[in-house]
Structure formats: C-alpha cells, structure tokens
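S.K.: For reference, the structure I am asking about is given below.
Each reported figure results from applying straightforward, stated rules to the coordinates on display, with no laboratory input. If you're wondering where the values come from, they're calculated on a predicted model, not measured in any experiment. No Cβ is skipped: glycine too gets one built from the backbone with ideal geometry, and neighbour counts run over all protein chains shown.
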Amino acid sequence: MTALPAIDHSAFKAFERDCYSHAANDYLDHAARRTATLNAHLLDALGAEPGLRWLDVACGPGLLSAAAAARGCKVTGLDYAEPMVELAREAFPAISFDVGDAEALPFESEQFDAVSCNFGILHFPHPEQAIAEAARVLVPGGKYAFTCWAPPPRNPFMALIFSAVQEHGTLDLPVPPGPPLFRFGDPDECARAVSEAGMEVVEIREVCIEWEFASADDILTTVARGTGRLGRLLDLQTPARRQLIEQAIVAGAEAHERDGHIVIPAPATLTVARRT
Ligand SMILES: C[S@@+](CC[C@H](N)C(=O)[O-])C[C@H]1O[C@@H](n2cnc3c(N)ncnc32)[C@H](O)[C@@H]1O
C-alpha cells in the first residue's frame, strides 16, 4: 500500500459533513438514484430477508435503507449530515434514521445481523475505525458490506472528471486533506482492512454499473452540486480553469453517447465480510 496522507481527522470530518449537509437535496435529485444501482447487489450480498436486523451506515437520503425494509428487514439508517437524515425520515417515515458518526456508532455491541455502507467508506477520515465499529455492532456470523469506486483508469466516469481537472485545473485546493478516494477500490486494501478488524472476507468483486445522463450538462450538474469532495474540485477552480474543465468533460462525454443519452461505466468494488 502506498503511504496514506497525513489527515486532520476532525477538520476533514467537519468538511465532509458540511459538504453533504449543503448538497443533501441535490444529492437526492442527481446522485442517489445512481448510487442506488448498487442496492440489489448489497441486498443479495447481505442476504436481505424478513426480520434481519440491518444497519445502513452513511445512509444518505435512505434509498438502500428503504430497499432493505421492502425486503422485510428491520432497518436502522445512520448518517452524519442532519439534512440527509431529514430527507430520509421524510421519504421513509416507517424506518428509524439517526444522526451519528460511522466511526463512533451510537449502538450497543452485537445488535445487527447485517451492516451496509454504500459509498460511505471513502468519506471517513479513519475508515479502519468505521470498519471496527461495524464489526462491533454485528452479531458473530453477521455480515458487513461496503462499496467504493474503482479507480481511474478502470473507472471511465472518474477518469473523465479527474483527467479534465488534472489537465486544465489543479488538485491543489484549499480543502482539508482527506483519505484517498479510491483506496477501497483496491481489493487487496479491502481484504487487509476487514481482516485487521477481525472479519473474514466473504467476497470482493468489481460491480460494473453504468451511470446514465440526459446530457453532458447533466454530468456537470451532478458533479458540481450532487457530490461532496468531487463538487469542491470544480467549485474552487478559477472561473477560467473551471470553464476549460467543463468543456473537457463535455467533449469527453461525447464518446459515451448512446441513443441520445450519455451512458458511462462507473464500476465499484463491493466488499463483503463476516464477523467471526
Ligand atoms: C456518497 S454519500 C452515500 C449515501 C448513500 N449511502 C448512497 O448510497 O446514496 C456519502 C454519505 O456519507 C455520509 N457521511 C460522511 N461522513 C460520515 C460519517 N463520519 N459518519 C456517517 N456518515 C457520514 C455523508 O453525509 C453522505 O450522506
């Protein structure tokens, strides 16, 4: 593993909470239905069935929580950004949603049969702590599943965004340094992290989802307004640089046009582990 950057944990955590608190409505409108393309994989991986006690960590607006509840699971959702939790409660009033930190779960040990974390792990300044917390609240034999983006160049969507920023802008921006976005896209890193938390690997595999956009402008709106750190990558560029970046993204998106839409592969790594 390459050396991890030095991180001010509390500064980064506050930054993420701020990003997702401000982006909550746009996240629901632009990103949530796309991250939800992983839901069926997570439900199957964790064996969703009636009565299963399920904790959905970093639940955002709650689409995965709702999908697990629809399969009869007894679901609790948790997110650090209060506006996300408000959206989830509003949309799914029958499910219990809490505001809380993935790295310090507000639950007794051995309370859940399944813990999910869909695209949350890359946002935690101390992911090992979040994985240890997931293991703590699971019953022995309970399962944990999390997802993270596969890194560019294996990930054409992320490659499109990052190559445009690298070519025309800068990654040297005034934001608190955070953990590497694609660390848990690496299967070896996933296996190492769950093993260190005392869990055994059930499976680690790449899931080839595609993100569909009505237009290239829809990509720009999704990235700029419906994400956390990624959106700040655009927001904090100079206007001139931002224009060039946006032009490059629009031009690059043309290669992915299909039947009047833009369809871009955005593969993710799914890790499933069992508490022994
Ligand atoms: C990319 S969104 C994923 C949301 C949802 N799981 C989905 O698939 O759409 C990341 C979520 O992680 C939440 N988050 C970030 N840091 C967190 C932390 N330390 N504890 C709990 N949630 C956190 C954010 O508020 C945001 O809702």
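S.K.: Could you tell me the calculated FRET efficiency between Glu128 and Glu108, based on Cβ-Cβ distance and R0 = 30 angstrom, to the nearest 0.05?
M.R.: In this case the efficiency is close to 0.90.
S.K.: A further question follows. Would you mind working out the magnitude of the charge dipole of segment 209-276 relative to its Cα centre, with +1 at each Lys and Arg C-beta and -1 at each Asp and Glu C-beta, to the nearest 20 Debye?
M.R.: Value, rounded to 20: 620 debye.
S.K.: Among DSSP bridges having both ends in the chain, what percentage is antiparallel? Round to the nearest 5.
M.R.: 55 percent
S.K.: Express in nm, to one decimal, how much length is gained between Glu210 and Leu173 on full extension, taking 0.36 nm for each residue of separation and deducting their alpha carbon distance.
M.R.: Using 0.36 nm per residue and subtracting the Cα-Cα distance, I get 10.4 nm.
S.K.: Can you show me the helix-derived [θ] at 222 nm for the chain, built from DSSP H runs with n ≥ 4 at -39,500 (n - 2.57) apiece and divided by the number of residues, rounded to the nearest 500.
M.R.: -12000 deg cm²/dmol
S.K.: Another one. Only bridges whose two residues both fall in segment 53-193 count here: according to DSSP, what percent of them are antiparallel, nearest 5?
M.R.: 5 percent
S.K.: Run the numbers for Arg154 and Gln243: contour at 0.36 nm per residue of separation, minus the present Cα-Cα distance, in nm.
M.R.: Length gained, Arg154 through Gln243: 29.4 nm.
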